[in-house]
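Reviewing the structure listed below.
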Amino acid sequence: MDFKNITRPALALAICLMWIADTALADSATARTKGQPNITGVWERYPSPFPEGVTAFDDIPPPGNGPDLKEPYASQWRAQEAKRKAALDAGTPLVDASTRCLPEGMPTIMQAIYPIQILQTPGQITVLAELFMQTRRVYLDQPFPAPDDLAPSYYGFSSAHWHGTTLVVETRGIRKDVQFFEIPHGNAMTIAEHYRLIKPNRLRVDISIEDPEYLNTPYSFTYEYRRNDKYRISEYVCDHRLDVINSDGTVSLGVK
């Protein structure tokens with residue numbers, strides 16, 4: 001038996017695998033040499049999203065001047081905001097998605113109450129949120145599915161491309177029950193994001209929400225983040241076993 005003849009196929013396979021790996025690394029390096037900034041890292045909101053002395057999530061106001069909603073949605077939204085504030089002030093907060101351990105969805109995940117981690121890889125940008133251990137996927141240079149194939153979801157379908165040094169992302173297909181500060185929206189809502197490194201460790205994201213059914217004008221605002229290489233994303237399991245959801249829609253703490 002010729003031992004050399006047996007080992008040649010294995011050697012050829014090894015050489016082929018090495019070539020594939022080298023090609024993949026070269027492709028990744030090429031992507032970085034096109035002037036695209038590196039946004040991989042752990043990012044925390046800067047400045048902090050909490051007003052000084054505030055520790056309750058519900059006390060954070062909507063960004064900017066709030067949404068320019070059409071009627072009757074504007075009046076309904078203001079009434080709900082007033083109801084939620086009154087319940088919180090009374091120590092009987094209303095049930096919400098967080099109370100039910102549901103994902104934040106888009107665009108709330110980008111609010112980054114706790115830090116988020118962005119992973120920039122060939123073909124995809126991945127956002128990992130510490131809060132509830134959420135995962136959002138953004139696909140580079142991918143077409144949107146046909147409307148009938150775009151099933152509504154918490155994060156929708158996000159397609160992105162690089163425009164120079166700016167990452168441009170568009171998201172469609174957010175579930176109607178996934179609401180940002182309880183702002184109602186329709187199936188046709190789209191969310192546009194522009195990511196820019198304004199400093200080596202500072203990231204700016206301009207967000208614009210368009211919804212012809214509910215909004216008079218686009219709802220636009222900006223979030224800024226600071227890179228924190230020392231921070232490690234922790235496990236955050238949503239556990240509200242002691243919460244009691246009352247018949248009036250408020251939440252109280254049960255005692256076992």
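The values are calculated or read from the model by the stated rules, or taken from the named source; none is laboratory data. Treat the numbers as computed from the prediction; the structure is a model and nothing was measured. Please note that ligands, DNA and RNA were not included when accessible areas were found on the heavy atoms of the full protein model with its side chains. Shrake-Rupley method; radii C 1.70, N 1.55, O 1.52, S 1.80 Å.
Taking amide hydrogens as modeled 1.01 Å from N in the peptide plane, which residues meet the under 5 Å criterion relative to Q142, leaving out close sequence neighbours?
A160
Let me make sure I get this right: for the stretch 134-249, a, b and c are the square roots of the gyration tensor eigenvalues over alpha carbons, sorted descending. Under 1.5 in a/c it's rounded, otherwise prolate if a/b > b/c, else oblate. Which is it?
Oblate is the answer for the stretch 134-249, as a/c is 1.5 or above yet b/c matches or exceeds a/b.
Could you tell me whether the stretch 168-207 comes out rounded, prolate or oblate from its Cα gyration tensor? Rule is a ≥ b ≥ c as square roots of the eigenvalues, rounded for a/c under 1.5, then prolate if a/b exceeds b/c, otherwise oblate.
Prolate.
Run the accessible area of the stretch 32-156 with a 1.4 Å probe and give the carbon-and-sulfur part as a rounded percent.
Accessible surface attributable to carbon and sulfur in the stretch 32-156 totals 53 percent.
Once phi is turned into ³J(HN,Hα) by the Karplus curve 6.51 cos²θ - 1.76 cosθ + 1.60 with θ = phi - 60°, what whole-Hz value does each residue of the stretch 134-145 show in order, with x for glycine and proline?
Result, ordered by residue: 7, 10, 10, 10, 10, 9, 8, 6, 10, x, 6, x Hz.
List, in order, the whole-Hz ³J(HN,Hα) value for each residue of the stretch 209-221 obtained from phi through the Karplus relation with A = 6.51, B = -1.76, C = 1.60 and θ = phi - 60°; use x for Gly and Pro.
With the stated coefficients, the stretch 209-221 comes to 9, 10, 8, x, 7, 10, 10, 6, 9, x, 9, 10, 7 Hz.
In square angstrom, what is the accessible area per residue of the stretch 144-186 with a 1.4 angstrom probe?
48
For L150, L119, what's the largest-to-smallest order of accessible area, 1.4 Å probe?
Heavy-atom accessible area, descending, gives L119, L150.
Pull out a ≥ b ≥ c, the square roots of the eigenvalues of the alpha-carbon gyration tensor of the stretch 125-189, then state rounded if a/c is under 1.5, prolate if not and a/b is larger than b/c, and oblate in the remaining case.
oblate
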